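Asker: To start, I am sharing the structure in question, which I have written as structure tokens.
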Amino acid sequence: MNADDNVLYQIQVKNRAPSRIVQALDQFNDRVNLTTNRFRRIGQNIGVETFLIRTADLTNSIGFASLEGGEYLEDELVRSYSDSAFIPNDEVDASIALPDDLGSVLTFFNGNTADKEVRVSFIIYQNSRLFQSNQTTASSKTRVNSRVIAGRIAGFRLNNITNPVVTRYLPVVQNRTNITVSNINCVFWDFNADGGEGAWSTDGCDFVGLDFNRVVCECNHLTNFAVLTDISGGLHNFALDVISKSGIALSITGLAITLIIYLAFKQLRQTRPNRILINLCVALLATLIIFLAGIDATSSPAGCTAVAFLLHYFLLAVFLWMAVEAFNMYLAFVKVLGTYVSKFFLKAAILAWGLPLVIAIITFLADVPSNYSEGQQTYRSNRFCWLQGNQLYFGFLLPAGLVLLFNTVVYILVIRKLVSRGKAKGEAADPRKYAIKQQLRIAITVMVLVGLTWIFGFITISDGRVVFSYLFCIFNSLQGFFIFVFQCLRQKKIQDLFFKCLGCPVDGSRTVKSLSNEADNAEGIRRGQPKKKPLPMDISMDNI
């Protein structure tokens, strides 16, 4: 009962092992040798008590309770009562009270005198991990929000009894600032439901109300009981969800407009940086659309696996195109002249689209051992359609981290080069402070666009702090929108193309300045005049 819920759920689907354990405990209580008319064992996760009692002594409502006081079950806090009226209802974690007319019911079924003994047994489960159902998987907001308690009389199947069995539960999760608990349901475990796999059922059980902050239920039979509730993440999860979906919607819109603009104008497709940008936008747009449409599609195992695979592939492609962009900027700003790579874009495309596919396929086919039991699926999570375990660590986080490290180092070199050039120019002539600020602004912006925000994501994974969750959610979901703003709205060349299409005059005096004196000398142009012949490296500011 300390095992991972995902593992136990997979075992329940495979061979019903958790349900069979519960049934074995019931049979144990029916058969255990009662040397002193009573057997009792209370462990951290399971407590059992079974005893013999005369039918005539069942005139009172006998009960069984676990009192609050610890995370695990404790022997001194688990008690049985000859009369349930003595149960301290304001102190229970979970309790069960049998009806006071049970003796007459059993006498009727026995057909014997009231002196005949019957075996009564109770079980308390510290948590619900042996009761695995698709109703309460991690992808669902429905949860078992109580301990599980059971009552049983050996040899009898008591159904539709007149006076109810009363159970009380202290909710494990209660309403607070960032948690909302709603839709309370009193349930029992039906071993035959869901094709024999077992499921929680409300048949014959009713929610009576709250008493001392305890949920009070009444059922017309004896079995394993619990409480189901809907648990929402509350303020933080709601805010993160709204921010994420709004940011993704803005990013999808921005990326779509960016692609339309860059594909519509031939002039924008001719330079290497713009072709890199187009491929980056395609990969990021595919990632966001697949994420928005399929991240929660856990009801279809094959479809969910496909979503996880495609997300893995396109997200790695985003990172690789970011690396290509970083390397291109390194050639443009740090190396500048004397460095020519033949068929650069073809090689870059093969690397950026091909390598992620190889990694995604290997991750899908390789069953990397993790903290899951032997023979269980480890590729994706059951909570959402994304990688889990070592597949996540080695298949995505490791390559993404290496690319992020590469990009960070490259952009440090680029910024350092820009700063040193600005200082050198300041010593020789006009400081051109505006040009230097513009250079640094572009370099820092691109560095953010190529994945620096994922640092927040890595911190969130390892530490889980709310502030980093917000930073990661805001910046990463808006990445596509940032690309649209800086690569479209703020680009002078694109503004001029639009004005030209609209028939408006374009002010030639506002031609974009070159990024470096080296580029000016190489192209043989003066500030304020249009270029005559671009260099192979395409290092003008409007292209970067």
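Asker: Only one residue in Ser121, Ser182 is assigned to a strand (DSSP E or B) and modelled with pLDDT of 85 or more, so which one is that?
Answerer: None of the others qualify; the one that does is Ser121.
Asker: Shifting gears a bit: Checking Val32 against (1) surrounded by 14 or more Cβ atoms within 10 Å (Cβ to Cβ); (2) under 40 Å from the mean Cα position of the chain (by Cα), which test does it fail?
Answerer: With (1) surrounded by 14 or more Cβ atoms within 10 Å (Cβ to Cβ); (2) under 40 Å from the mean Cα position of the chain (by Cα) applied to Val32, the lone miss is (2).
Asker: Which count do you get for residues in segment 4-44 that are among the hydrophobic types (A, V, I, L, M, F, W, C), over 21 Å from Glu71 (Cβ atoms) and in contact with a Lys or Arg (Cβ under 8 Å, 6 or more places away or on another chain)?
Answerer: 1
Asker: Here is a further query. Counting only residues that are crowded, with 22+ Cβ neighbours inside 10 Å and at pLDDT 80 or above, which one in segment 325-344 is farthest from Cys385 (Cα to Cα)?
Answerer: The extreme case among them is Asn328.
Asker: Out of curiosity, is Asn213 loosely packed, with under 15 Cβ neighbours inside 10 Å and modelled with pLDDT of 80 or more?
Answerer: Answer is yes for this residue.
Asker: So, in segment 55-112, of the ones that are in contact with a Phe, Trp or Tyr (Cβ under 8 Å, 6 or more places away or on another chain) and assigned to a helix (DSSP H, G or I), which residue ends up modelled with the lowest pLDDT?
Answerer: Only one residue fits best here, namely Phe109.
Asker: So which residues in segment 35-50 are surrounded by fewer than 18 Cβ atoms within 10 Å (Cβ to Cβ) and either among the charged types (D, E, K, R) or within 15 Å of Asp83 (Cα to Cα) (or both)?
Answerer: Arg38, Arg40, Arg41
Asker: In segment 98-110, is there at least one residue being free of Cβ contacts under 8 Å to residues at least 40 places away in the same chain and in contact with a Ser or Thr (Cβ under 7 Å, 6 or more places away or on another chain)?
Answerer: No: zero hits.
Asker: Across segment 51-74, which residue is surrounded by the most Cβ atoms within 10 Å (Cβ to Cβ) among those that are farther than 21 Å from Pro171 by Cα and not β-branched (Val, Ile, Thr)?
Answerer: In this case the residue turns out to be Leu58.
Asker: Take the residues in segment 187-208 that are among the small types (Gly, Ala, Ser) and at pLDDT below 90, then tell me which one is surrounded by the fewest Cβ atoms within 10 Å (Cβ to Cβ).
Answerer: It comes out as Gly195.
Asker: I've got another one for you. Residues of segment 261-284 being open to solvent by less than 40 Å² (accessible area, probe 1.4 Å), of a type in the set (S, T, N, Q) and modelled with pLDDT under 85, which ones?
Answerer: Once the filter is applied, which keeps residues that are open to solvent by less than 40 Å² (accessible area, probe 1.4 Å), of a type in the set (S, T, N, Q) and modelled with pLDDT under 85, segment 261-284 yields Thr271, Asn274.
Asker: Would you pick out the residues in segment 285-310 that are aliphatic (A, V, I, L, M) and open to solvent by less than 10 Å² (accessible area, probe 1.4 Å)?
Answerer: Passing the criteria: only Ala308.
Asker: Of all residues in segment 1-22, count the ones that are in contact (Cβ under 8 Å) with a residue 12 or more places away in the chain, in a helix (DSSP H, G or I) and open to solvent by 60 Å² or more (accessible area, probe 1.4 Å).
Answerer: Final tally of qualifying residues: 3.
The values are calculated or read from the model by the stated rules, or taken from the named source; none is laboratory data. Quantities reported herein were computed from a predicted structural model and do not represent experimental measurements. Every residue, glycine as well, gets a Cβ built from its backbone with ideal geometry; the counts of neighbours run over all protein chains shown. Only protein heavy atoms, including side chains, enter the accessible area calculation; ligands, DNA and RNA are left aside. Shrake-Rupley method; radii C 1.70, N 1.55, O 1.52, S 1.80 Å.
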